[in-house]
Each structure stands twice: as structure tokens, then as C-alpha cells.
Amino acid sequence: YALESGIPFRMGLIRNHYIGRTFIEPSQAIRNFGVRLKLNPVRSLIEGQRVVLVDDSIVRGTTSRKIVRMVREAGAKEVHVRISCPPTISPCYYGVDTPTREELIASSKSPEEICKFLGADSLGYLSLASLKQSVADTEGRFCTSCYTGVYPTDLVQLEVRGRSSEENPAPASVTIDREPGSAERPVVVHRES
């Protein structure tokens, strides 16, 4: 981004590599604490500057919001956020540990609303077409379900029944129902106790 825009690149946030991905932590309190441990602002590089923060994605938005606030507290005049993918609107069922659709900020808010939530001066996402172009996906071979909500396979609905209590669990039965029709109509995986 810096090379193409001509804006100088500076390491204004120093990352602690011993802290994992904060968006997968189980509680908001742990995620908030993790952000503070993970990133440390360098005030001498940030103070009085117009800053462009480039990140790989926005999931819930809470981590990005903390980072924007942290950069402002370090003295930035303006904070602009650029995301190197389209808005994440759907969960991934193929191996990436993402939250439910309801927890994904872009599933229910516009980019303008997300920008306001983050406290940023502007927000920009890479378009799906530009993402595909950047990885030379001219034939649509890569999965884009988290950006489109269209899944390449039928999703399976699981119902677990028969658990009477935690102390005396009864054997559980699993019922699998496939959603009729195309993969454009995913079924949410859920568990009934």
C-alpha cells in the first residue's frame, strides 16, 4: 500500500509475536486485553501524523476499534483504515475459526457505519474483483464464501438430541438434514440440548 500510494511506511505499532489471533479468543475481555499486549504504539512515529492503518481483515470490529483508539491516544491527527480484503459477512465452515454471522460486524453494518464504530476518519476495503485479480484467480477457483455468503458445498444442519442433564447425560442422537437446492441457501449448524 505504501509503495503504490507513495506514503512512507513506518512501524508505528510494534507487534508482540507471542500473542495469537485476538479475534478467536472466547470472551471480549480477553480479546481487549490481548490487543493491549499484542500491539505497542511508537509515539515518536505517530504523534502529529495522519496515519493509514492497513490490516488483513475486520471480524467483529472490536480489535480494530481498540487499535484506532490506541493510535489516536499516541497523538495521531487522523486515522484512516484500509483492509486488504472485502468485508467479511459470513462465517467460514472450511477451517478458519470465525464467529457466527451475527458476530461479524460487516454482516449487519455498512462500511460507513463500521467506520463510525471504529472511530476512524475513513475506511476502505479491497473489492472482491481486486482480491481475485491480486491472486490471479481468473477462473474463480478460490473460495470467497466469507465475502459473498455463497458456499461451494451444501452445508449440513446438525441436531443433537437426548441430553437430559450435565450430570446424567443420555446418549445423543445426531440428525443430519441437507438443505435442498443450491449452495446459495446455507443451513446454519446448530446444537439443541
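Table for the structure above
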quantity	calculated
Heavy atoms of Asp97 accessible to a 1.4 Å probe, total area in Å² rounded to 10	100 Å²
Spacing of the two label points (7 Å from each Cα toward its C-beta) at Glu78 and Asn40, in nm	3.0 nm
Net charge of neighbours whose Cβ lies under 12 Å from the Cβ of Ile14, counting Lys and Arg as +1 and Asp and Glu as -1	+4
Amide H within-cut-off set for Leu123, under 5 Å, with H built and near neighbours excluded	Val81
Spin-label model distance (nm) - Ile89 vs Ser108, 7 Å beyond Cα toward Cβ	1.6 nm
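The values are calculated or read from the model by the stated rules, or taken from the named source; none is laboratory data. What you see is a predicted model; the values in this text were computed from it and never measured. For neighbour counting, all protein chains shown are included, and Cβ atoms are generated from backbone atoms with ideal geometry for every residue, glycine included. Ligands, DNA and RNA are excluded from the accessible area calculation, which covers all protein heavy atoms including side chains. Shrake-Rupley method; radii C 1.70, N 1.55, O 1.52, S 1.80 Å.
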